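The values are calculated or read from the model by the stated rules, or taken from the named source; none is laboratory data. Note that the coordinates shown come from a computational prediction; the quantities given were computed from them, not determined experimentally. Reconstructed Cβ throughout: ideal geometry from the backbone, glycine too, with neighbour counts over all protein chains shown.
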Amino acid sequence: MSVPLAVPPVEWAEPSLAARGRLLVSRIGTFCLVELQRLRHDRSELITRTIQPILWLVVFGKTFSRLRAIPTGDVPYLDYLAPGIIAQSALFVAIFYGIMIIWERDSGVLTKLLVTPTPRAALVAGKAFAAGVRAVAQAIVVIVVAALLGVSLTWNPLKLLGVLVVVVLGAAFFACLSVTIAGIVLKRDRLMGIGQAITMPLFFASNALYPVDLMPGWLKAISKGNPLSYEVSALRGLLIGTPTNLWQDFGVLAAAALAGVVAAAALLDRLAH
Amino acid sequence: MTPAIRLAGLSYRFGDHAAVADLTLDVDPGECFGLLGPNGAGKTTTIRVINTMLPVQDGRVEVFGHDVRRQKMGVRRQLGYVPQQLSVEGALTGRENVSWFARLFDVPRRERKARVDEVLELVELGESADRLASTYSGGMVRRLELAQALVNRPRLLVLDEPTVGLDPVARDSVWQRVVDMQQRYDMTVLLTTHYMEEADVLCDRVALMHRGRLRALGAPEELKAALGPEASLEDVFRHHTGDSLGDAEKGGLRNVRATRRTARRMG
């Protein structure tokens, strides 16, 4: 018995701008779902990745709270630190996402994805937001641990939703940065080295551990251009109510994620070949 | 009638090396067409241009009338593609792997589940569909890839050395599925292989390529008959190229090792 083939409608041939927008949303949903399925089948990475942020909160946070070495005004240091550690754990999840893309290239999966009707930018955005899903799972664990340690966090659902959006945008940017670097260096070992080399500078050149006012001028300037600082500021503002310009924080993160998608998409074919 | 694939003067260079040189041929809708030749013949480069992975450098390529240079999305919508490497996501189940591609090809939500079940049954993976793909054998992974490639009911199924690295039983099983599916869906199949005896049995027509150039084109029976009653496709290849397939066999073993490495990496 012969089954009729699905002849594509004419409008599918080359999608309009609106159709590309729908494709983008659909692909982001698809890649996020796949990431959740991966997480469901293997929770070990989620558990092992939780150890480091817990150590930061329990060892570093508790110790520096007693030292009172870092001036954080009326905010206890552990409360001040917790949003920084959430941002850090999201950064650590996302910054090695390029390695996953290189693995997918080496195993042939990327080639198959690239011959599906998925624009390059939609594929990168899908992957980037999938990194966000993983980072959100990580952030939820850190928030729970922080609450158990006595950090005074907000439980306002809208603000918590805002926290998830910030984590996703931050992870999306750093995942795109990682894919962009992968598109330049092309090899897993090189990307691993560069990832390790840039992660700690990104972390230390931000307001995750200490206020920007304490930094020397040159570091302050770097911190101002570091999207991680805006991610931490937004998380602090939403979770513990420290003053920040949320519009600016969200704007910078969204613009950085968009620029990251454009840059990574431009290099995807180079990576695939 | 619009050809399924039209290659007109296709040339592709990697630096100074001409991987494909002035290749011109048509593949008719509904036919099973084989691109044959040893490693380095230009088969995979040709396929990668057809499936939009490589840009058209010179010449013209059309898939069901869609210009590959300008209408990439239109071309991709018509394709099912199985690459040389065993390439499924080992951390997902078989069913999740197929559903993933159903979503990427925009199979409507109301049809998706039935479509996924149908292709999984077709490749006889229905019972193992909810196991992680990392637990599958090489033959099962290849069948899962066929299911992924078919879930959008493509008009053109492109298979790049689909049986490399598989044992004879798994190879027969894969080809049997391909034949079944071609008849069931009335698809055009474009395949590459360096197993001449497989191409002889499966393909309606074959193109023999050597060092980027087309050396012979026609039905296997015609090509063999032109040489003599006892001629094989390998004899035809030797006749047109003055070369044996020794290089292909060496390349084949390299591919087998690469594919097995991939299978090990998947767990």
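Criterion first (at pLDDT 95 or above and under 19 Å from residue B:40 (Cα atoms)) does residue B:253 satisfy it? Break it down into steps so the answer makes sense when it comes.
Working: at pLDDT 95 or above: no; under 19 Å from residue B:40 (Cα atoms): yes.
Taking the combined requirement at face value, the residue does not satisfy it.
So, in segment B:118-129, how many residues would count as being of a type outside the set (S, T, N, Q) and touching a Gly at 6+ places or on another chain (Cβ under 7 Å)?
Total meeting the criteria: 3.
Within segment A:82-101, is there a residue that is touching a residue at least 40 places away in the same chain (Cβ under 8 Å) and within 14 Å of chain B (Cβ to nearest Cβ)? Among the residues of segment A:82-101, at least one is touching a residue at least 40 places away in the same chain (Cβ under 8 Å) and within 14 Å of chain B (Cβ to nearest Cβ), which makes the answer yes. Part of a helix (DSSP H, G or I), over 23 Å from the mean Cα position of the chain (by Cα) and closer than 18 Å to residue A:207 by Cα: is that true of residue A:92 in this structure? It is false that residue A:92 is part of a helix (DSSP H, G or I), over 23 Å from the mean Cα position of the chain (by Cα) and closer than 18 Å to residue A:207 by Cα.
The listed residues are B:116, B:88, and the only one of them that is modelled with pLDDT under 95, surrounded by 22 or more Cβ atoms within 10 Å (Cβ to Cβ) and of a type in the set (Val, Ile, Thr) turns out to be B:88. The condition of being in contact with a strand residue (DSSP E or B) (Cβ under 7 Å, 6 or more places away or on another chain) and either part of a helix (DSSP H, G or I) or of a type in the set (S, T, N, Q) (or both) holds for only one of B:178, B:158, that being B:178.
Taken over segment B:123-133, the residue count meeting the criterion of being at the interface with chain A (Cβ under 10 Å from one of its Cβ atoms) and modelled with pLDDT under 95 is 0.
A quick yes/no check of all residues on (1) among the acidic types (Asp, Glu); (2) away from every other protein chain (no Cβ under 14 Å); (3) in contact with a Ser or Thr (Cβ under 8 Å, 6 or more places away or on another chain):
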{"position": "A:173", "(1), (2), (3)": "no, yes, no"}
{"position": "A:185", "(1), (2), (3)": "no, yes, no"}
{"position": "A:204", "(1), (2), (3)": "no, yes, no"}
{"position": "A:221", "(1), (2), (3)": "no, yes, no"}
{"position": "A:246", "(1), (2), (3)": "no, yes, no"}
{"position": "A:255", "(1), (2), (3)": "no, yes, no"}
{"position": "A:260", "(1), (2), (3)": "no, yes, yes"}
{"position": "A:268", "(1), (2), (3)": "no, no, no"}
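How many of the residues in segment B:28-81 are within 8 Å of another protein chain (Cβ to nearest Cβ) and touching a strand residue (DSSP E or B) at 6+ places or on another chain (Cβ under 6 Å)? The total comes to 5.
Quick one: would you say residue A:202 is under 21 Å from the mean Cα position of the chain (by Cα) and closer than 20 Å to residue A:162 by Cα? Before the answer, list the steps.
Working: under 21 Å from the mean Cα position of the chain (by Cα): yes; closer than 20 Å to residue A:162 by Cα: no.
Criteria not met by residue A:202.
Of all residues in segment B:6-32, those satisfying the criterion of being within 18 Å of residue B:66 (Cβ to Cβ) and surrounded by 22 or more Cβ atoms within 10 Å (Cβ to Cβ) are B:7, B:10, B:27. Would it be correct to say that residue A:116 is more than 24 Å from the chain's Cα centre (by Cα), in contact (Cβ under 8 Å) with a residue 40 or more places away in the chain and not in a helix (DSSP H, G or I)? Answer is no for this residue. In this structure, residue A:208 does not satisfy being surrounded by 15 or more Cβ atoms within 10 Å (Cβ to Cβ), touching a residue at least 40 places away in the same chain (Cβ under 8 Å) and assigned to a helix (DSSP H, G or I). Among the residues of segment A:18-44, the ones that are in a helix (DSSP H, G or I), at the interface with another protein chain (Cβ under 10 Å from one of its Cβ atoms) and more than 10 Å from residue A:133 (Cβ to Cβ) come to 11 in all. Restricting segment B:143-191 to residues that are charged (D, E, K, R) and away from chain A (no Cβ under 14 Å) leaves a set whose member that is surrounded by the fewest Cβ atoms within 10 Å (Cβ to Cβ) is B:167.
Yes or no, residue by residue, for (1) touching a Gly at 6+ places or on another chain (Cβ under 8 Å); (2) assigned to a loop (DSSP other than H, G, I, E, B):
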site	(1), (2)
B:2	yes, yes
B:11	yes, no
B:29	no, yes
B:39	yes, yes
B:87	yes, yes
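Would you pick out the residues in segment B:89-124 that are under 24 Å from residue B:53 (Cβ atoms), in a helix (DSSP H, G or I) and not basic (Lys, Arg)? Answer for segment B:89-124, where residues must be under 24 Å from residue B:53 (Cβ atoms), in a helix (DSSP H, G or I) and not basic (Lys, Arg): B:97, B:98, B:99, B:100, B:101, B:102, B:104, B:119.
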